[in-house]
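Heads up, the thing below is written out as structure tokens.
The values are calculated or read from the model by the stated rules, or taken from the named source; none is laboratory data. The structure presented is a predicted model; accordingly, all values stated were derived computationally and were not measured. Ligands, DNA and RNA are stripped out before the accessible areas are found, and what is left, the full protein with its side chains, is counted by its heavy atoms. Shrake-Rupley method; radii C 1.70, N 1.55, O 1.52, S 1.80 Å.
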Amino acid sequence: MYKAHYLALLAENKLNDELLSMDQQMNARYDVLVKQLMEERSVNKELKEKDQMRWVQEMNNIKNSVEKNLLDEFINI
């Protein structure tokens, strides 16, 4: 089914539009999820000023987690 969808998009010259749309959706979802996790884990400006190394570690963990979740979510559609 996915191969047929891909071939139909390719034949109709709509593949780039579809990929651009998916990219925009993933970027918007990424931003929302990062903000949510930052709030949940209290990763904020205060932490950044107080303990910059911990803030960097937390942000890296958040970004890695969100990227993995998005890849799982969008690739396994």
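Values computed for the structure shown
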item: Among 49, 39, 67, residue whose mean-square fluctuation peaks in a GNM of the chain (springs only between Cα atoms under 10 Å); result: 49
item: Out-of-range pairs (alpha-carbon distance over 29 Å; input 14/35; 45/68; 48/68); result: 14/35
item: Along each principal axis, Cα extent of the chain, largest first, Å; result: 55, 19, 17
item: Listed residues 30, 6 arranged by accessible area, highest first, probe 1.4 Å; result: 6, 30
item: On Cα atoms only, tilt of 15-40 relative to the major axis of the chain in degrees; result: 20 degrees
